[in-house]
Amino acid sequence: MKPKATTIRVSVSTRDKLAKLARQEGRNMTEVLNEAISDYENKMFWQELNAAIERTQREEPESWAEYVAERELFMGPPAGSRRIAPEWEGLIKFPEENDEDSSR
């Protein structure tokens with residue numbers, strides 16, 4: 001069964017842009033518009049999430065620090081971090097440390 005449809009008012013310029021995009025991609029205007037709306041919703045979700053994170057960091061730094069510490073317990077340190085367990089300190093040489101030794 002075909003979904004219900006309605007008509008919306010847009011400027012001629014907007015309609016022409018939508019029609020051009022649809023032609024270029026070999027799709028109908030409804031598909032292109034649905035994808036654009038989905039992309040916009042996704043963008044808004046991430047903007048709101050980032051704003052909430054920034055607000056928590058600014059207004060509740062202790063709570064943010066607890067969250068980061070708990071996250072690292074489960075996920076490990078962020079990628080690229082060189083933190084290692086204390087019992088391994090001094091026993092492991094990272095590749096960049098070997099490069100420094102050979103350049104001396």
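We did not get these values from a lab; they are worked out from the coordinates using the rules stated. All figures in this text were calculated on a predicted structure; none of them were measured in a lab. Note: ideal-geometry Cβ built from the backbone for every residue, glycine included; neighbour counts use all protein chains shown.
Rounded, prolate or oblate, given the Cα gyration tensor of the range 1-44, with a/c below 1.5 counting as rounded?
Since a/c stays below 1.5, the shape of the range 1-44 is classed as rounded.
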Study note, to complete from the structure: Distribution output for the range 1-86: share of Cα-Cα pairs per 10 Å bin in percent, first bin at 0, values 13, 24, 21, 13, 21, 7, 1
Practice item. Give the calculated FRET efficiency between Phe45 and Glu70 to the nearest 0.05, with a Förster radius of 22 Å applied to their Cβ-Cβ distance. Key: 0.40
